[in-house]
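Q: Quick one: this structure, given as structure tokens, is what I'll be asking you about.
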Amino acid sequence: MDHLAFGLVDAQGRPSATAAVAGSYQAFHIFQYTSFAIMLGWPVLAVGAWRSGVLGPLRCLGLALMALLPLGVLKGTTPWSIAGAAGLCVAFVPLGLATLREGPRPSRRSVARFGAAALAVMILGFVSSLG
């Protein structure tokens with residue numbers, strides 16, 4: 001949506017792009033009625049992680065802060081969104097590091113397959129940008 005809005009500015013000028021985005025921004029979309037579930041889901045997930053003992057109280061608070069993140073397109077970055085993203089890092093970065101330290105090491109074959117798949121995705125991404 002951001003890319004489209006900026007592309008409209010280049011193609012039709014700022015007043016026309018502003019009118020097009022303003023006119024369609026409140027258009028009906030079925031998922032707008034489920035956004036409350038996302039907002040409520042982060043604190044529910046945090047309570048579940050705390051009660052199951054997966055995360056401690058501070059990390060659960062960080063996870064619950066994701067409810068502050070604005071939903072939708074054209075929201076921009078606010079102090080609330082920075083707090084939500086930082087909370088997610090507080091919640092999950094230590095868990096990810098522990099998993100990397102304590103988890104099983106991948107085999108050479110797995111690493112080779114992952115490398116080949118990553119290279120294939122990069123090549124496909126490049127080829128798709130050629131038009």
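Yes/no per residue for (1) in contact with a Gly (Cβ under 7 Å, 6 or more places away or on another chain); (2) at pLDDT 95 or above; (3) in a helix (DSSP H, G or I):
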| position | (1), (2), (3) |
| --- | --- |
| TRP80 | no, no, yes |
| PRO106 | no, no, no |
| ALA117 | no, yes, yes |
| ALA120 | no, yes, yes |
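Q: Hey, among the residues in segment 13-58 that are of a type in the set (Phe, Trp, Tyr) and part of a loop (DSSP other than H, G, I, E, B), which one's nearest to ALA83 (Cα to Cα)?
A: The initial filter retains those residues of segment 13-58 that are of a type in the set (Phe, Trp, Tyr), namely 25, 28, 31, 33, 36, 42, 50.
Going one step further and asking which of them are part of a loop (DSSP other than H, G, I, E, B), we end up with 25, 28.
Numbers: TYR25: 26, PHE28: 30 Å.
So, considering only residues that are of a type in the set (Phe, Trp, Tyr) and part of a loop (DSSP other than H, G, I, E, B), the one nearest to ALA83 (Cα to Cα) is TYR25.
Q: A further question on this structure: Only residues that are more than 27 Å from PHE6 (Cβ to Cβ) and of a type in the set (Phe, Trp, Tyr): list them for segment 17-46, please. If you could, list the steps in order and put the result at the bottom.
A: Just the residues of segment 17-46 that are more than 27 Å from PHE6 (Cβ to Cβ), to begin with: 33-34, 36-37, 39-46.
Scanning segment 17-46 gives TYR33, PHE36, TRP42.
Q: Being surrounded by 10 or more Cβ atoms within 10 Å (Cβ to Cβ), in a helix (DSSP H, G or I) and either at pLDDT 90 or above or of a type in the set (S, T, N, Q) (or both) is the requirement here; does GLY125 meet it?
A: Details: surrounded by 10 or more Cβ atoms within 10 Å (Cβ to Cβ): no; in a helix (DSSP H, G or I): yes; either at pLDDT 90 or above or of a type in the set (S, T, N, Q) (or both): yes.
Considered against the rule, which asks whether it is surrounded by 10 or more Cβ atoms within 10 Å (Cβ to Cβ), in a helix (DSSP H, G or I) and either at pLDDT 90 or above or of a type in the set (S, T, N, Q) (or both), GLY125 comes out as no.
Q: If we keep just the residues of segment 54-112 that are β-branched (Val, Ile, Thr) and under 27 Å from SER35 (Cα atoms), which is surrounded by the fewest Cβ atoms within 10 Å (Cβ to Cβ)? Steps first, answer last, please.
A: Restricting attention to segment 54-112, the residues satisfying the condition of being β-branched (Val, Ile, Thr) are 54, 73, 77-78, 82, 90, 93, 99, 111.
Right, trim to under 27 Å from SER35 (Cα atoms) and you get 54, 73, 77-78, 82, 90, 93.
Values: VAL54: 13, VAL73: 11, THR77: 9, THR78: 12, ILE82: 12, VAL90: 17, VAL93: 12.
Filtering first and then ranking leaves THR77.
Q: Just name the residue that is most open to solvent (accessible area, probe 1.4 Å) out of those in segment 1-47 that are at pLDDT 90 or above and under 30 Å from LEU61 (Cα atoms).
A: The residue in question is LEU40.
The values are calculated or read from the model by the stated rules, or taken from the named source; none is laboratory data. Quantities reported herein were computed from a predicted structural model and do not represent experimental measurements. All Cβ positions, even for glycine, are placed from backbone atoms using ideal geometry, and neighbour counts span all protein chains on display. Calculation scope for accessible area: heavy atoms of the full protein, side chains included, ligands and nucleic acids excluded. Shrake-Rupley method; radii C 1.70, N 1.55, O 1.52, S 1.80 Å.
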